[in-house]
Each structure stands twice: as C-alpha cells, then as structure tokens.
Amino acid sequence: VGVGGDPMNAHAKPPLDIAAIRGEFPILTREINGRPLVYLDNAASAQKPRAVIDAVSRVYEHSYANVHRGLHTLANEATEAFEGAREKVATFLGASTPDEIVFTRGATEAINLVAAAFGPGLEPGDEILISQMEHHSNIVPWMMLAERTGARVVWTPVTDTGELDTEALSGLISAKTRLIAITHMSNVLGTVNDAAAITKLAHDKGVPVLLDGSQAAVHLPVNVSEIGCDFYAFTGHKLYGPNGAGALYARGDWLDRLPPWQGGGEMIADVHEDRITFADAPHKFEAGTPAIADVIGLGAAIDWVSQFDRMAILAHERALMDRAMTGLADIDGLRLIGTAQDKGAIIAFALDGAHAHDVAQILDRYGVAVRAGHHCAQPLMRRFGVDSTARASFALYNTAEEADAFVEALKKARGFLI
C-alpha cells in the first residue's frame, strides 16, 4: 500500500527474538497493581530500549556541548553525533540526501513548520485538502492557517470501515488546491493509506503532498523517494526514541523555496542592522539550540530498530492484533472502530453502556495500559458517532500472552461495567 522499503530485507536479517528484545526495555519488568505490565499504549508513545537510554545519558556524561561552530573537542563530538543522526534519519526514510531532513521537536512541529512556510503564498479561496481521519496535529495548523489567510480546509470523507474515500479525494482536488496533507497511517483506525497512489494522484494535478508519518514510520518500511511525497513528518518518541525530537523530510528544493518560520541563532548566514541573510537548508529551519541529546538519542533509536527486518516487525504486530481481535469477537456490545484491510496493529473500540475512561481504569487494575479518549481525532470520533474510544496498540516488544491478557481483562471489565 505504497509504503516503500525493500521486500528483500526479510532475507538479510535474523528472525525476531521477542524475549531478547523485551529484555532490552527496563520498564517492561514493572508490575502494575501486582500484575505484570502489559503496555498497549504504543500509538501514544513507545517505551525506550537500553540502547537509547544509554545514548542520551552518554551525551550528558561524556560529550555534551552546543553543536556547530564550536572548535573544542566536546563541541566537535556533539556536532558529529548530531549531524550523524541526520544522516541516519535520511537513510531510514529513504531520502536522497541528509540536507532534505530538518530536525524538529516532533511531527506536530514539522507540520506547523510547513503550514507557516506555506502561509505567505496562500490567498483567500485557496484550499488545503485533509481527511476525516487526521490527528489534530494535521488539522489545527491548517485551520489556523486558513483563518490567517482566508484559505479553506477541505475534508476528504472516511468510509464505514475506516478507509480513505480515494474516489472522493480525487473529486475534491481542484484548481484551488494548494496542498494535500494526509496521514500515512491513522492513529485511531490503524488504516494504512496508499501513500504512493495518493501522491501520484496529487502530482498529476500539480498539487504537493505532505504525509503525517507519526505511526507509519514506526510500523512500516518507509521510502519517501519511492513514495514521491513532497513532505514527510515523523516523531521520535513513538519510534522507541526520546521525547522532543522528530524530523521533517522535504523533497528536492522545497527547503530552498520556502521561507524560514522561526528566527534566531543558527538559522542565519549574516545579520546586519538593516538586513539578514539566511543559512542554507536545512539549517535555516533550525533556529536556536536544538534538542541535542534527544536528536542523538533518536539516531540511536533508528540504529536499534534498523537491526530488525521491518516486514517481520509488521507481521509480528499484525499477528498480535489479529489474535486479540479474535478474542474480542465474542464480547457482547463491543464495537470496533476501524476494520480496514491490512491495517496497522491498532484496535480502537467502544463498549456499549461503558465509558472508555472507565474501561481503561479497570484494565489498569489488571496491569493492562491502554489509551482512552478522543485520541486527538475529534472529527473522526464524530464521523463514527462516538465521543471517545479505548485503544490498544501493539509494538515490537509485545507478546501473544499480552494480547490474551488484554482480552481477558476486557472481559472482566465488561462484567464490572455492564
């Protein structure tokens, strides 16, 4: 479904050893309410392996200094590691060059960056095309931009199974469409959109594409060069990395064409009392001191996850989801939100007669951590006629036993609540 990546990768790397992988995550040894932690809140934020924890600690213990322009040893070491992380992100996403990668605090900031940079070129009546399945991070920046410029946000509908209505999307692209901003994988539905097909459809009509890869970059092999998108945003904390570090990929000369969105140190070439010249991309979009240790930690997270076959990860996570969904099938009053084919390992559900928050609190009694609420996707909640759902989301380190524990805990929760 347009994810890109190398299918031959499966022959290059050993099978997954989930027990050994779990051993690399200190937090997974915790007990919650006297029971082993079953962490199924991965779509919100994933846990961190020892390799990432150590990488961040090592920066502060051994080689912390501000990056760029320093001539002393610590500054050189920090800069080398920081820019090395940029190279790792570029390789991970399949970018043509590290210069196409801008470091941000996460996908939210990356999308806001594009929105701010596009703003000066918009006129009243111009259109930004998004979908009903978007996270607020890929809704609110465009609505704020529309308020400032007189442009309008146009919504692509979602089907009853939680799939993007691609026929409607095609019909909504008009001469006024200036950008299409679509999630690659929904954080609620698990739906994986055909990124390459959407990009081709848009490009055939002269429209650039931004993809929100916050979920997809974690669970799918992604190759932005193969997809062909203009922008790709992702965040590190869902990819087993630190909080506060993510990246924006921008294809070709987009970073040269767009104006910077924040001013300060690092993003300048020269400052006079009457004029400013900006640094070359990507640095002109990285004002101020960056999250140095966190970016280096993101590089460590990419190293860690890249040792595994991405297709094997995808198969493992989907197998866990399928196992859980089989167990959920005989729970009366349970409604699944999102049943698209080949979806990612996310299960959003509503239980008749029970609020999602109550469900989550009872699951926590049994050590099972799930998310409850609108998942920063209120238009999608309204599309399916609910105020909130509970959501179980699987990661590489989850097991079949944990999938079973989730199902059993949910059955007990239903007994308490209904």
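The values are calculated or read from the model by the stated rules, or taken from the named source; none is laboratory data. Computed from a predicted model, the values in this text were never measured in an experiment. Cβ atoms come from the backbone with ideal geometry, glycine included; neighbour counts cover every protein chain shown. Areas reflect the complete protein model, heavy atoms only, side chains present, ligands, DNA and RNA absent. Shrake-Rupley method; radii C 1.70, N 1.55, O 1.52, S 1.80 Å.
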Within region 119-149, tally of residues that are farther than 23 Å from Gly385 by Cβ, open to solvent by 40 Å² or more (accessible area, probe 1.4 Å) and not hydrophobic (A, V, I, L, M, F, W, C): 6
So in region 374-392, with the set limited to residues that are over 15 Å from Ser186 (Cα atoms) and of a type in the set (D, E, K, R), which one is most open to solvent (accessible area, probe 1.4 Å)? Arg382
Could you tell me which numbered condition Leu71 fails, if it satisfies all but one of (1) open to solvent by 20 Å² or more (accessible area, probe 1.4 Å); (2) part of a helix (DSSP H, G or I)? (2)
Would you be able to say whether some residue in region 393-413 is open to solvent by less than 20 Å² (accessible area, probe 1.4 Å), within 30 Å of Phe92 (Cα to Cα), in a loop (DSSP other than H, G, I, E, B) and in contact with a Gly (Cβ under 8 Å, 6 or more places away or on another chain)? no
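Consider Gly190 carefully, then state whether it is modelled with pLDDT of 95 or more, of a type outside the set (A, V, I, L, M) and more than 26 Å from Gly121 (Cβ to Cβ).
yes
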Picking from Ser45, Ser57, the residue that is at pLDDT 95 or above, more than 17 Å from Leu239 (Cα to Cα) and either open to solvent by 30 Å² or more (accessible area, probe 1.4 Å) or under 22 Å from the mean Cα position of the chain (by Cα) (or both) would be Ser57
Among (1) in contact with a helix residue (DSSP H, G or I) (Cβ under 9 Å, 6 or more places away or on another chain); (2) open to solvent by 50 Å² or more (accessible area, probe 1.4 Å); (3) of a type outside the set (Ser, Thr, Tyr), there is one condition Leu351 misses while meeting the rest; what is its number? (2)
Is it true that some residue in region 329-340 is among the polar types (S, T, N, Q) and within 23 Å of Asn138 (Cβ to Cβ)? yes
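Results for (1) within 24 Å of the chain's Cα centre (by Cα); (2) β-branched (Val, Ile, Thr); (3) crowded, with 21+ Cβ neighbours inside 10 Å, shown as yes or no for each residue.
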site: Gly263; (1), (2), (3): no, no, no
site: Ile276; (1), (2), (3): no, yes, no
site: Gly297; (1), (2), (3): yes, no, yes
site: Ala300; (1), (2), (3): yes, no, yes
site: Asp322; (1), (2), (3): yes, no, no
site: Leu328; (1), (2), (3): no, no, no
site: Arg335; (1), (2), (3): no, no, no
site: Ala340; (1), (2), (3): yes, no, no
site: Ile346; (1), (2), (3): yes, yes, yes
Matching residues, region 9-36, being surrounded by fewer than 17 Cβ atoms within 10 Å (Cβ to Cβ) and in a loop (DSSP other than H, G, I, E, B): Ala12, Lys13, Pro14, Pro15, Leu16, Asp17, Gly23, Arg30, Asn33, Gly34
Pair list, Cβ < 6 Å and 6+ apart or interchain, from region 244-266 residues that are touching a residue at least 40 places away in the same chain (Cβ under 8 Å) to residues that are surrounded by fewer than 21 Cβ atoms within 10 Å (Cβ to Cβ) and in a strand (DSSP E or B): Pro260/Phe278
When you go through Ser174, Ser214, Ser170 one by one, which is the residue that is open to solvent by 10 Å² or more (accessible area, probe 1.4 Å), of a type in the set (Gly, Ala, Ser) and assigned to a helix (DSSP H, G or I)? Ser170
From the option list Ile227, Ile198, single residue qualifying as buried (at least 24 other Cβ atoms within 10 Å of the Cβ) and within 18 Å of Thr91 (Cβ to Cβ) is Ile227
